[in-house]
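Scroll down for the structure; my scribbles are underneath it.
The values are calculated or read from the model by the stated rules, or taken from the named source; none is laboratory data. Note that the structure is a prediction, hence the values are computed from the model and not measured. Backbone-built Cβ (ideal geometry, glycine too); neighbour counts: all protein chains shown. Ligands, DNA and RNA are stripped out before the accessible areas are found, and what is left, the full protein with its side chains, is counted by its heavy atoms. Shrake-Rupley method; radii C 1.70, N 1.55, O 1.52, S 1.80 Å.
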Amino acid sequence: MKNYDFKAVEKKWQQKWEETGVFHAKQDFTLPKYYCLVEFPYPSGQGLHVGHPRSYTALDTVARKKRLQGYNVLYPMGWDAFGLPTENYAIKNHIHPEIVTKQNVARFKQQLQSLGFSFDWSREVNTTDPAYYKWTQWIFLQLYKKGLAYKKEMSVNWCTSCKCVLANEEVVNGVCERCGSEVIHKVKSQWMLKITAYAQRLIDDLDDLNFIDRVKVQQKNWIGRSTGAQVTFTATTGDPIEVYTTRPDTLFGATYMVVSPEHPLLEKWADKLTNMDEIRAYQNEAAHKSDFERTEVNKDKTGVELLGVRAINPVNGEEIPIFISDYVLVSYGTGAIMAVPAHDTRDWEFAKKFDLPIVEVVRGGNVEKEAFTDCATGVMVNSGFLTGLSVEDAKVKIIDWLTENGKGFKKVNYKLRDWVFSRQRYWGEPIPIIECPKCGFVPLDESELPLRLPEVESYEPTDTGESPLAKLTDWVNVKCPCCGGDAKRETDTMPQWAGSSWYFLRYCDPHNNDALASKEALEYWTPVDWYNGGMEHTTLHLLYSRFWHKFLYDIGVVPTKEPYAKRTSHGMILGENGEKMSKSRGNVVNPDEIVDQYGADTMRLYEMFIGDFEKAAPWNSDSIKGCKRFLDRTWGLQNIAKDGGIRAELEAEIHRTIQKVGEDIDNLKANTAIAALMTLLNRFYDSGAVTREELRTFVLLLNPFAPHLTEELWEVMDFGGVVTSQSWPQFDPAKCKDDSVEIAVQVCGKIKARLTVPADVSSADAIALAKADEKVAEAIDGKTIVKELYVPGRLVNIVVKM
RNA sequence: GCGGAUAUGGCGGAAUUGGCAGACGCGCCGGAUUUAGGAUCCGGUGGGCAACCCCCGUGCAGGUUCGACCCCUGUUAUCCGCACCA
C-alpha cells in the first residue's frame, strides 16, 4: 500500500472533476431534478473563514448523494460582490473596486475549489457583472411600473460612518448592522420598495413551507401583524384624531391621548396651543435623539400636555387631555394612541408620572398598583353598554358599535415598514431612473439596460448625503427620454441586498441575454428544493428575496409563489475558547492551514462531525486528528481486503448503516452518519478483514463526506469507473434486523440481568426466559408478581409486591 | 418586558421519541513498538467504594408511569431574536 498523499490525490481528483464536468447540471429537463442552494458569499479581502465550509459541505453531501441517487442536481455558486467593504478598500488603496472584486473572487474560488465542493462552476454568477445587474435593474423597473418602487421624502436611518442610509432591517439595537456605528435620523428623499403590500402573503405563505421553525417565527415577529381597530376621537377644534388600538374593548378606560412629537396635527393647532414653545422644545429634543436613546428600555416617560386643545372620547363623550410623548412612534399605526392606563403598562407609567386618572374597565387586577394587562379572560366593568361582557365579546361589540356610528372600524396593522432602497455609495447597481423637471420620474427604456456604473475619479462618500456619482456631471446630465428636455439621472445606487434577491433564479439559466432566465429553465428548476444559510439573513435577504419572488410571480416571470421549498440554518463555528471567531480575539482558524495540514477531506469530515449542525460549535484542533485518523484507517482497509460478498455476520449492520447514513444526510445529522461509519469501520478491523463488496459499499457511503479519498480508494481497489458515476447503495429493511437481540431484564424497573433472545421471541417465552435467570429468580422469590411485560427487542419488566 | 430555544462525563456530542443513559470522536490512564519524541497498535475510562453482583447519576424541586434525559407543574441559568409596535 502506498501512503496516502492527500495533497497529490486531492489535486488529481479536483482536476479530473473540472475536466470532465461531472458536476455540471444537465440541460435535460426530463430527468428528476434537485436544486441545492447555499448563500453565495461576499468575496471579502480576508478570504474564506471556517464558517463558510460548514454550510457548503453540508449541502455538498446532499448534492453528491442525490446525484448518486439519479437526480439531476443543480448546486451552484457565485459572488454577492457589490458592497461597502470593497468600496472602502478601494478608496483606501486607490484601486478600482472592480479590480479588488476580481482579486477577491479569484482567491475565494481557489479556496472553495481546494475543498472539493461539487459546484457547477459553469453557472457561476457575479452580481457586479453588467450582464447580471442588467436584470437586477430590469426587476427594479418592473417594480416601478407596478407602483411598488417610489421615491419619498422621509426621515431615514443614516449611518454616520458608512455615510449612507440604511433599511430598518439593517439597524440593530440602534447601530449599523455592518459597522456598529451610531445611526441617526436624516430627512432625505429615498427610493422605497413597497414590501408592506406583501406583508400578509409573506406571513400566510410560510405555512406551506418547510422552513425551520425559528425562521418562520422570526419572520412573523418582524412583520409583526396585529389586529385591532382604528378609532376616531374628535378634538375640541373639531379635527378628527385617528388612533389604532388592539384593545378597543377598553375604550371606556381611555383617560387621555398621546400623539407622537412629529404628528402633523400639532402644526395645524399651532395658533390654538397656548404652550407651543414648550411643545416645540420637546419636539426638538426628540428629533435630536438617536434611535438608540429613543428606544432605550426602562427609560422614564417624558411628555408635554397640549394646553388649549382637548379630545372627546367617542364612546362616552368625555373630554380628555392630549399629550405629546416620544413613546408614541410616528411610523406605527396612526402616530397617535388612546391611553388606557389601567390596562397598558406604558400608559400606566405615564399616568402615574403625570397624575392622570386610572379607570379600571376589566375586573381582576389591582390597577392602582400596576397595569392589569393579562386580562383576556376578564369581565368588563365601568364600560357602559359593554359592562358585564367578556373581553372577547366586548371586542366584537365595540367594533360593531364603532362601525355603525362611523367612529371606527376593524383594522390590521404591521410593524413591517417599506424597504429603504437607495444608497449614497458608488459600488452598487445604478438605479435606472431619470428625473425630469417636466415629466417627473422617467424609467430608462429596457433596451438601455444595463445602465453601467461610470468610471469615477473618487469613490469617497460625501457628508452631504449625495452619492459619489452625483459629481459626474457628464453622466448625470441627460436629455429626458420623454420630452427631450434637460434632466438628471438618479445618482443613488441599490443596496447590497438587491443582487442577492434573485440570484438563485439566474443560476437556472445564467447566460441568457433575453430574460433573467428562460421560462423552461425556471419551470424545471424552481423552486429551490433546499436552501441553507445563516440566521442573520432571516429578516434581511431571506425576507427580501421572498418579496421579490412573489412580485415576479405576480407579473408572470416565475412559476412559483415561493422561491425556496425548504430552509435550514447552520450554527456558527466558534473559536477554541468558545467565543465568536474574530481577528480582535485572535481565535480565527484559517481553513487554508487546515487543508494544508490535514487535507480537504479531513476538513470536510471534521466540519460535519463537529456537532449538531444547527447549533454553534467551538473549534477543537485535537478533534480534527480523530477525523484524520479515521480517514487513514479507511485508506488502510485495502490491506485487509479480500474477495467476497457481504458476510452474513455483518449483513444487518451494513444494511442499517446504509439506512442511517442516507437518512442522516437528508436530516442534517451528518455527525451521527459519520459516527455510524466509524462504528462500521471498527467492526471491519475487529473482524480482521473487509470483503470487496463490503468495502465497495463503505466507500460509496463515505464519498459525500470525503470525495477525494474515496475516489482514490475506488481506483486502487479497481472497482471500475469512478465513484461519481455509481449508484447510491440500497438497503433492505428486512435485512436490517439481527436474528437475536440482547434484552434487559428488570425487576420493578431495576436491571437485574441481560439476556440474548431470538428477535422474534414471543412475549410469554421472553418472560419465561427472564424468570429462569438466576438473579431474576432470586429477586422475585417469595414475592407476588403484580405485572409482567415484554417490550419487543428491548426489555422484560417484572413488577412484584412484598 | 414579549417571543423562541437550550441545559447529559474532563470536552464535542449520541440515545430508535416513554424502554439497557453516555453511541462515535477527542482527551486522559495503562501497555506494546521506538534510542527518544512523534506516529501507530492493544486495553481501560460517568461518579462513589479497597472491591462488588452494591449505591448515586441527564441544571434544580415535585408529579404522572411498571418504567422518565424524554410527558406534566414549578424553578434556576445560559443563548438567540424583537423591543415604548399601542
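Once the Cα atoms of helix A:345-354 and of chain A are each reduced to a long axis, what angle between those two axes, in degrees from 0 to 90 to the nearest 10, is obtained?
Around 30 degrees separate the two axes.
Among DSSP bridges having both ends in chain A, what percentage is antiparallel? Round to the nearest 5.
So the antiparallel bridges in chain A amount to around 75 percent.
Given the Cα-Cα distance of A:CYS748 and A:SER155 and 0.36 nm per residue of separation, how much length would full extension add, in nm?
Result: 206.4 nm gained on full extension.
What shape does chain A have by the C-alpha gyration tensor, where a ≥ b ≥ c are the square roots of the eigenvalues, rounded means a/c under 1.5, and otherwise prolate means a/b greater than b/c and oblate the rest? List each step's numbers first, then the result.
Details: a/c = 2.56, a/b = 1.37, b/c = 1.87.
Note, shape of chain A comes out oblate.
Can you order the peptides A:161-167, A:462-468, A:544-550, A:304-310 by their average number of other Cβ atoms within 10 Å per residue, highest first?
With the highest mean Cβ count within 10 Å placed first, the list reads A:544-550, A:161-167, A:304-310, A:462-468.
Could you please put A:SER584, A:SER623, A:SER500 in sequence from largest to smallest accessible area, using a 1.4 Å probe?
Ranking A:SER584, A:SER623, A:SER500 by accessible area, largest first, yields A:SER584, A:SER623, A:SER500.
Can you give me the solvent accessible area of A:PHE211 with a 1.4 Å probe, rounded to the nearest 10 Å²?
10
Compute, for chain A, the length of the dipole vector about the Cα centre, with Cβ point charges of +1 (Lys, Arg) and -1 (Asp, Glu) only. Units Debye, rounded to 20.
So the dipole magnitude of chain A works out to roughly 600 debye.
To the nearest 10 square angstrom, what accessible area does A:ASP445 show with a 1.4 Å probe?
90
Which order do you get for A:THR232, A:THR20, A:THR160, A:THR86 if you rank them by accessible area with a 1.4 Å probe, largest at the top?
A:THR20, A:THR160, A:THR232, A:THR86
Can you compute the modelled spin-label distance between A:ASP393 and A:SER687, with each label point 7 Å from Cα toward Cβ, in nm?
7.4
Beyond 26 Å between alpha-carbons counts as too far, so tell me which of A:LYS146/A:LYS438; A:LYS146/A:LYS519; A:LYS26/A:LYS566; A:LYS102/A:LYS550; A:LYS415/A:LYS471; A:LYS146/A:LYS410 fall in that bin.
As for pairs spanning more than 26 Å Cα to Cα, those are A:LYS102/A:LYS550; A:LYS415/A:LYS471; A:LYS146/A:LYS410.
For the range A:301-418, rounded, prolate or oblate, judged on the Cα gyration tensor with a ≥ b ≥ c (square roots of eigenvalues), a/c < 1.5 rounded, else prolate if a/b > b/c?
Working: a/c = 1.40, a/b = 1.15, b/c = 1.22.
Rounded.
Please list, in order, the residues from the range A:188-221 whose amide nitrogen is less than 18 Å from a point placed 7 Å along the Cα→Cβ vector of A:SER331.
A:188-199, A:219-221
Quick check: the distance between the Cα centres of the range A:379-399 and the range A:38-80, to the nearest angstrom?
About 57 Å separates the Cα centre of the range A:379-399 from the one of the range A:38-80.
If you average the alpha carbon positions of the range A:457-488 and of the range A:247-316, how far apart do those two centres end up, in angstrom?
When both Cα centres are located, 41 Å separates them.
Among A:HIS49, A:HIS541, what's the order by accessible area (1.4 angstrom probe), most exposed first?
Descending accessible area places them as A:HIS49, A:HIS541.
With a Förster radius of 35 Å, plug the Cβ-Cβ distance of A:ASP277 and A:HIS94 into 1/(1 + (r/R0)^6) and report the FRET value to the nearest 0.05. Can you show the working numbers first?
Numbers: r = 52 Å, r/R0 = 1.50.
Taking R0 as 35 Å, the efficiency between A:ASP277 and A:HIS94 is 0.10.
Specify the inter-centroid distance of the range A:625-699 and the range A:745-766, based on alpha-carbon positions, in whole Å.
30
Show which lysines lie in cross-link reach of A:LYS580 when reach means a straight Cα distance below 24 angstrom and same-chain residues fewer than eight apart are skipped.
A:LYS615, A:LYS625, A:LYS669
Give, in nm to one decimal, the length gained when the segment between A:MET717 and A:LEU307 is fully stretched (0.36 nm per residue of separation minus the Cα-Cα distance).
138.4 nm
Mind running the shape call on the range A:488-556? Use the C-alpha gyration tensor, a ≥ b ≥ c as the square roots of the eigenvalues: rounded below 1.5 for a/c, prolate if a/b tops b/c, oblate otherwise.
Here the range A:488-556 falls in the oblate category.
Points 7 angstrom from Cα along the Cβ direction at A:LYS771 and A:ASP445: gap in nanometres?
9.7
State the extension gain, in nm to one decimal, for the chain segment bounded by A:ASP643 and A:MET535, taking 0.36 nm per residue of separation less the distance between their alpha-carbons.
So the chain would gain 34.0 nm between A:ASP643 and A:MET535.
Evaluate the distance, in nm, between pseudo-label points positioned 7 Å from the Cα of A:LEU472 and of A:THR237 along their respective Cα→Cβ axes.
4.8
Suppose R0 equals 30 Å. What FRET efficiency, 1/(1 + (r/R0)^6) with r the Cβ-Cβ distance, do A:CYS483 and A:ARG452 give to the nearest 0.05? Provide the component values of the computation, followed by the final result.
Working: r = 24 Å, r/R0 = 0.82.
After rounding, the FRET efficiency stands at 0.75.
Please list A:449-456, A:566-573 highest first by mean number of surrounding beta-carbon atoms within 10 Å per residue.
Listed from highest to lowest mean packing, they are A:566-573, A:449-456.
Of the heavy-atom accessible surface of chain A (probe 1.4 angstrom), what whole percent is carbon and sulfur?
Carbon plus sulfur share of accessible area: 49 percent.
Once the Cβ-Cβ distance between A:VAL588 and A:VAL172 is put in as r, and R0 is 22 Å, what FRET efficiency do you end up with, to the nearest 0.05?
So, using R0 = 22 Å, E works out to roughly 0.45.
Helix A:6-20 against the longest principal axis of chain A: what's the angle in degrees, Cα atoms only, rounded to the nearest 10?
Approximately 70 degrees, to the nearest 10.
With every protein chain present, what accessible area does A:ASP492 have (1.4 Å probe, heavy atoms only), rounded to the nearest 10 Å²?
Counting only protein heavy atoms, the figure is 10 Å².
Enter the accessible area per residue of chain A (Å², integer; probe 1.4 Å; all protein chains in place).
Details: 34870 Å² over 802 residues.
About 43 Å² of surface per residue is accessible.
Hey, what angle do you get for helix A:648-666 against the long axis of chain A, alpha-carbon based, 0 to 90 degrees rounded to 10?
Tilt relative to chain A: about 10 degrees.
Return the calculated 222 nm mean residue ellipticity for chain A, to the nearest 500 deg cm²/dmol, obtained by summing -39500 (n - 2.57) across DSSP H runs with n ≥ 4 and dividing by the residue count.
-10500 deg cm²/dmol
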